[in-house]
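Below is one structure, written out as structure tokens; comments come after it.
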Amino acid sequence: NTKRHKIPIKYLDHSAQMNEPLVSIIFPTWNRAHMLKTAIAKILLQSYKNFELIIVDDGSTDNTEEVVKSIIAEKKDPRINYIRMEHQGGAFARNKALRQAHGEFIASQDDDDEWDPQYIEAQVKKLSSSPIEYGMSYVAYWRVLANGKKILMPPKSALPREGNIYGGDIMRKNYCPFQAGMIRRSVLDDVGLVCEKINSLYDWEMWLRIAKKYKIAHIDKPLFVLNDTPNSNSNNPKTIWWRIDARKYIIREYGNDIKKFGYFHAHISTLTDLLIQAGDIKQARRYLREGIFAKPFSITLWLKLLTSFLGAISYKKIQSIYRGE
């Protein structure tokens with residue numbers, strides 16, 4: 001991961017007191033011009049005012065550029081910055097913004113999600129009052145499914161939630177998307193930027209990288225809403241191989257620790273489901289055998305291996321019943 005150049009911190013809001021650190025808000029967008037006015041307006045309503053908003057247009061083919069420039073002309077807000085780049089994907093877009101960021105703290109927002117108006121203020125207060133060994137903080141949030149159901153995240157079962165969380169449930173599941181976290185800029189200077197080798201789960205990879213070296217602070221109050229939009233990468237069947245490759249990358253990079261802390265079988269289980277969903281049953285079986293070798297008494301992995309011989313359709317039906325869907 002490429003280290004970013006250190007840039008002197010500045011204060012964009014001259015009315016802010018000098019003890020109020022600048023926050024750089026990273027805002028990547030691609031072909032969602034219809035969402036931008038609302039998304040940007042909500043960011044500008046934050047109670048904490050000393051921030052810069054860096055909008056990175058990842059090569060949109062709709063009228064994103066026109067919409068953003070009209071907002072800049074209308075608002076005349078010097079905190080809004082617009083960068084256009086050729087389409088390269090979310091990781092590259094975030095890094096493009098990070099290399100331009102001046103803030104002491106880094107936050108990230110997407111065009112289809114919502115922060116509570118107190119979000120930045122609460123995060124800055126939490127991270128500023130935490131010892132320097134705390135590299136980032138994150139908030140609880142509501143995940144809103146496509147059917148309207150709301151799920152409070154992280155789940156109550158996810159422990160530990162703060163402090164030395166590396167080795168805990170963060171090893172098993174990504175429960176902290178970019179939009180929920182705020183990072184010290186000095187931490188990025190240390191651990192590097194977003195991983196550009198994968199097109200999915202790069203937020204999880206970054207949290208693992210940070211948590212391995214730093215403690216993590218947590219605000220146990222939902223201050224963010226993550227909306228499951230139908231055309232997002234996480235819900236797009238066309239990007240399933242992105243998720244498969246990213247999961248394999250995390251297993252390769254953190255595999256020893258994943259095994260050490262007892263989460264290897266959980267990764268294999270998820271990877272198997274993805275591979276069968278993608279139609280590669282043979283590869284799924286190879287990973288299942290590897291998982292069973294590591295944890296011979298895993299009933300879940302044995303059941304999945306046996307079920308895989310019934311074919312992909314039967315496998316998916318049985319897994320749906322098993323999950324209670």
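Of the helices (runs of 4 or more DSSP H) lying entirely inside region 271-325, the ones with 3 or more residues being under 17 Å from K259 (Cα atoms) and open to solvent by 70 Å² or more (accessible area, probe 1.4 Å) are found at 281-294. The one condition from (1) open to solvent by 60 Å² or more (accessible area, probe 1.4 Å); (2) under 30 Å from A91 (Cα atoms); (3) not in a helix (DSSP H, G or I) that G262 does not meet is (1).
The conditions of being part of a loop (DSSP other than H, G, I, E, B) and over 20 Å from L271 (Cβ atoms) are not met by K197. Among the residues of region 100-150, those that are touching a Pro at 6+ places or on another chain (Cβ under 9 Å) and either of a type in the set (V, I, T) or free of Cβ contacts under 8 Å to residues at least 12 places away in the same chain (or both) comprise V124, V139. Is it true that D228 is among the charged types (D, E, K, R), modelled with pLDDT under 95 and either within 21 Å of D58 (Cα to Cα) or within 12 Å of the chain's Cα centre (by Cα) (or both)? Against the criterion (among the charged types (D, E, K, R), modelled with pLDDT under 95 and either within 21 Å of D58 (Cα to Cα) or within 12 Å of the chain's Cα centre (by Cα) (or both)), D228 qualifies. With respect to the stated conditions, D57 is buried (at least 19 other Cβ atoms within 10 Å of the Cβ) and within 22 Å of P177 (Cα to Cα). Of the numbered criteria (1) surrounded by fewer than 22 Cβ atoms within 10 Å (Cβ to Cβ); (2) part of a helix (DSSP H, G or I), the one D220 fails is (2). For the structure I just gave you, tell me whether I71 is under 16 Å from A97 (Cβ atoms) and in contact (Cβ under 8 Å) with a residue 24 or more places away in the chain. No; evaluated as a whole, the condition is false for this residue.
All conditions in (1) open to solvent by 30 Å² or more (accessible area, probe 1.4 Å); (2) without any contact (Cβ under 8 Å) to a residue 12 or more places away in the chain; (3) not in a loop (DSSP other than H, G, I, E, B) hold for G255, with the sole exception of (1). Taking region 64-116 as the range and being open to solvent by 70 Å² or more (accessible area, probe 1.4 Å), within 11 Å of I26 (Cβ to Cβ) and not in a loop (DSSP other than H, G, I, E, B) as the test, only K96 passes.
Quick grid of which residues meet (1) closer than 22 Å to A217 by Cα; (2) out of contact with any helix residue (DSSP H, G or I) (no Cβ under 8 Å at 6 or more places or on another chain):
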| site | (1), (2) |
| --- | --- |
| M85 | no, no |
| G89 | no, yes |
| Q109 | yes, no |
| A146 | no, no |
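Got a number for residues in region 28-43 being surrounded by 14 or more Cβ atoms within 10 Å (Cβ to Cβ) and either in contact with a Leu (Cβ under 8 Å, 6 or more places away or on another chain) or of a type in the set (G, A, S) (or both)? Even if it seems obvious, please write down each step before you answer.
Start the filter on region 28-43 by keeping residues that are surrounded by 14 or more Cβ atoms within 10 Å (Cβ to Cβ), which leaves 28-33, 35-37, 39-40, 42-43.
In the following step, the residues that additionally are either in contact with a Leu (Cβ under 8 Å, 6 or more places away or on another chain) or of a type in the set (G, A, S) (or both) were identified as 29, 33, 39-40, 43.
Summing the residues that are surrounded by 14 or more Cβ atoms within 10 Å (Cβ to Cβ) and either in contact with a Leu (Cβ under 8 Å, 6 or more places away or on another chain) or of a type in the set (G, A, S) (or both) in region 28-43 gives 5.
Screening T61 with (1) without any contact (Cβ under 8 Å) to a residue 40 or more places away in the chain; (2) part of a strand (DSSP E or B) gives one miss only, at (2).
The values are calculated or read from the model by the stated rules, or taken from the named source; none is laboratory data. The structure presented is a predicted model; accordingly, all values stated were derived computationally and were not measured. When we count neighbours, we look across all protein chains shown, and the Cβ atoms used for this are built from the backbone with ideal geometry, even at glycine. We work out accessible area using only protein heavy atoms, side chains counted, and drop any ligands, DNA or RNA first. Shrake-Rupley method; radii C 1.70, N 1.55, O 1.52, S 1.80 Å.
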